[in-house]
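The values are calculated or read from the model by the stated rules, or taken from the named source; none is laboratory data. A quick note: this is a predicted structure, and the numbers were derived from the prediction, not measured. Cβ placement follows ideal geometry from the backbone for every residue including glycine, while neighbour counts extend to all protein chains displayed.
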Amino acid sequence: MTMLNRGTWGVSLLVVGLCSCTAASPRAPALDSDERLVGAHQGVYSVPEWADREYILRLPPSFDGETAIPVVFGFHGGGGEKEGFVRTGCLDGDEAAENCLSALADREGFALVVPDGVDSPGVRKRSWNAGGGSGGWRCVGGEACATASDDVAYVDALLAEVKRAVRVDDTRVFATGMSNGAAMSHRLACARAEVFAAVAAVAGANQAQGAPGCMPSRPIPVLHIHGTEDRCWGYDGMIREPLCDDGTEGLFVDVDASMAGWRERNGCTGSMSEALPDTVMDGTRATRIRGTGCTADTEHIQIEGGGHTWPAGWLYLAESRIGRLSRDLDGNAAVWAFFAAHPRMR
């Protein structure tokens, strides 16, 4: 496992012993077909030429099948899978909670796309090739790195499939993720800034900054949320929880270096901090650190005392293993507020 979201890992363990020999999911119906998709819909679909890399597509009740719609891509953590990511941001892991990203998508009117990473042989543990692998930098992560999967190309193909099925607002395509999926969001900001309007990463830094390097085609808005007591992707780049370490050689990019890199690329001249309300006595405090003078907004929410968790989400393992869950900040609301404020200029 590399840079695990052990919450999604835990979900996948429940199905290791089950047969995965069911028929492949179909492609989503095309826009010009009689079965074209409309609102209040959720389905699982395939991506041609990418065997075993299915995705969940959820459309809000307001979607009429005609109007171009914003799209948010959500990337699971290493060792997880798409179903686990849906649960990751739900308060206490309750998929019926009103703060879930799926419920937020329904209310705010955006499509939610949640894909699967590369599967590991014999077990359902998936990962993304989010960067690293040379120059002393660890590749993040797992089987995706071991097989040198071109996951940027996979996302290209996935977006093409989504556009085949629904009218997409090209100015409002966004990426978020947890842990390994957060690092994948950073990589997409580096490699596909002309496609993604903004990205928001939770508990995973910009490993692509180390290798292959981060050279976005334009300044791109970036939000990064990270706990200072994260034991899986430490704020300083260290791993302190053995369950999160697959033994791969190399270093992780730390949070300060990751944000300094984005401030430089986005032309920031300084930064300013503000404490966010401490509404719940949970041992955490949130501080928003904004770049100043930036060409594109560059923002970090530091969760002092927070662990390898999605704020107001699921504490999927014991606090002693992954650290505290912050309830002061609603992670999903913060991510969507950042996205809603940052459509891509044509």
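Observations on the structure shown:
- If the condition is being surrounded by fewer than 17 Cβ atoms within 10 Å (Cβ to Cβ) and either in contact (Cβ under 8 Å) with a residue 40 or more places away in the chain or farther than 17 Å from Ala333 by Cβ (or both), then the range 82-94 contributes only Asp92.
- Where helices (runs of 4 or more DSSP H) fall entirely within the range 1-116, those with at least 3 residues that are under 21 Å from Phe174 (Cβ atoms), modelled with pLDDT of 95 or more and out of contact with any helix residue (DSSP H, G or I) (no Cβ under 8 Å at 6 or more places or on another chain) are at 101-108.
- Where a residue in the range 225-244 is within 18 Å of Ala257 (Cβ to Cβ) and its partner, wherever it lies, is part of a helix (DSSP H, G or I), with Cβ under 6 Å and at least six apart: His226/Val255; Cys232/Cys244; Tyr235/Val255
- Qualifying residue in the range 103-126 (condition: buried (at least 20 other Cβ atoms within 10 Å of the Cβ), at positive phi and not hydrophobic (A, V, I, L, M, F, W, C)): no
- Gly132 meets all of the listed conditions (1) touching a strand residue (DSSP E or B) at 6+ places or on another chain (Cβ under 6 Å); (2) more than 21 Å from Gln42 (Cα to Cα) but one, namely (1).
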